[in-house]
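Chemist: One structure, pasted below without further comment.
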Amino acid sequence: NGIVAPIDRVNIDTDQIIPAVYLKSIERTGFQDALFSSWRYLEDGSPNPDFVLNVPAYKSATVLVAGRNFGCGSSREHAPWALHDYGIRCVIAPSFADIFYNNCLQNGLLPVRLPEETVQRILDKAAQDPGYRISVDLEGQRVWDEAEEIAVEFEMDPARRHALLNGLDDIGQTLQHEDKIGAYEAARGI
């Protein structure tokens with residue numbers, strides 16, 4: 001359950017999420033100030049008062065809602081790192097770029113695809129009511145708001161869902177089979 005930050009734009013690319021100038025580190029943290037930096041800050045470096053994440057009611061948002069094709073552009077893993085580092089735990093959009101979507105799943109950030117009409121309703125409610133909250137239940141694959149005006153299910157690949165619910169990346173999933181891997185290696189004399 002969290003506050004929704006609405007960004008009513010389509011085709012938000014990874015260079016807008018985190019500009020290339022910030023891609024000097026391969027650590028997964030320290031990117032929160034770089035998130036949407038070309039939109040969040042004015043030329044003099046001061047906060048842009050018109051950008052949603054600079055509005056006090058949205059600063060503690062944990063859910064970001066945006067238009068279709070979110071995360072298009074280059075395949076930088078820094079984009080989900082920056083979102084997660086800022087405090088965003090879920091991004092809701094009608095569609096995502098495939099590489100961005102997979103990068104989110106690998107890094108513990110939940111991307112939820114919902115119908116465009118539903119996303120627009122969430123965007124409108126969050127814009128009209130700063131502090132608007134929704135709940136996202138990955139286990140039940142459901143999204144709803146407090147008034148139950150929005151209540152919708154979403155689909156998630158069962159293996160991806162399991163990995164997110166258990167905090168597993170590809171390596172963690174592989175290590176779940178460590179005993180079988182060890183038995184195979186022993187049988188082969190490795």
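The values are calculated or read from the model by the stated rules, or taken from the named source; none is laboratory data. Remember, it's a predicted structure, so these values are computed and weren't measured experimentally. So basically every Cβ, Gly included, is an ideal-geometry build from the backbone, and we count neighbours across all protein chains shown. Heads up: the accessible areas ignore ligands, DNA and RNA and are worked out on the full protein's heavy atoms, side chains in. Shrake-Rupley method; radii C 1.70, N 1.55, O 1.52, S 1.80 Å.
Chemist: Return the inverse of the average 1/r over all pairs of distinct C-alpha atoms in region 1-57, which is the Kirkwood hydrodynamic radius, in Å to one decimal.
Modeler: Averaging 1/r across every pair of different Cα atoms and inverting gives 12.7 Å.
Chemist: How much of the accessible area of the chain, probe 1.4 Å, is carbon plus sulfur, in whole percent?
Modeler: Accessible surface attributable to carbon and sulfur in the chain totals 48 percent.
Chemist: Over the chain, what is the mean sequence separation of C-alpha contacts under 8 Å (at least six apart), divided by residue count, expressed as relative contact order in percent?
Modeler: Relative contact order for the chain comes out at 22 percent.
Chemist: With N residues in region 59-122, what two-decimal value do you get for its Cα radius of gyration over 2.2 N^0.38 Å?
Modeler: Its radius of gyration relative to the 2.2 N^0.38 Å reference: 1.03.
Chemist: Taking each pair of different alpha-carbon atoms in region 61-190 once, compute 1/r for the pair, average those values, and report the inverse of that mean as the Kirkwood hydrodynamic radius in Å to one decimal.
Modeler: 16.2 Å
Chemist: With +1 assigned to the C-beta of every Lys and Arg and -1 to the C-beta of every Asp and Glu, and no other charges, what is the dipole magnitude of the chain about the Cα centre in debye, to the nearest 20?
Modeler: Dipole magnitude for the chain comes out near 260 debye.
Chemist: Right, something else. To make sure I understand the rule: partners must be lysines, Cα under 22 Å from the Cα of K125, and not fewer than 8 residues away in the same chain. Which ones qualify?
Modeler: Straight-distance partners of K125: K59.
Chemist: As an exercise, find the ratio Rg/Rh for region 1-140 from alpha-carbon atoms, using the Kirkwood inverse-distance average for Rh.
Modeler: Rg/Rh: 0.93.
Chemist: Right, here's the next one. Which of the trypsin sites (Lys or Arg not before Pro) found in region 152-190 are loop residues per DSSP with 16 or fewer other Cβ atoms within 10 Å of their Cβ?
Modeler: Here no loop site has a sparse enough neighbourhood.
Chemist: Residues with amide H under 5 Å of I3's amide H, sequence separation 5 or more or different chain, H placed in the peptide plane at 1.01 Å from N; which?
Modeler: T62, V63
Chemist: Taking the C-alpha atoms of region 103-161, how large are the radius of gyration and the largest Cα-Cα span, Dmax, in Å?
Modeler: Looking at region 103-161, its Cα Rg and Dmax stand at 12.3, 37 Å.
Chemist: Would you calculate a helix-derived [θ] at 222 nm for the chain, using -39,500 (n - 2.57) for each DSSP H run of n ≥ 4 and dividing by the full residue count, to the nearest 500?
Modeler: Helices in the chain give a 222 nm mean residue ellipticity of -9000 deg cm²/dmol.
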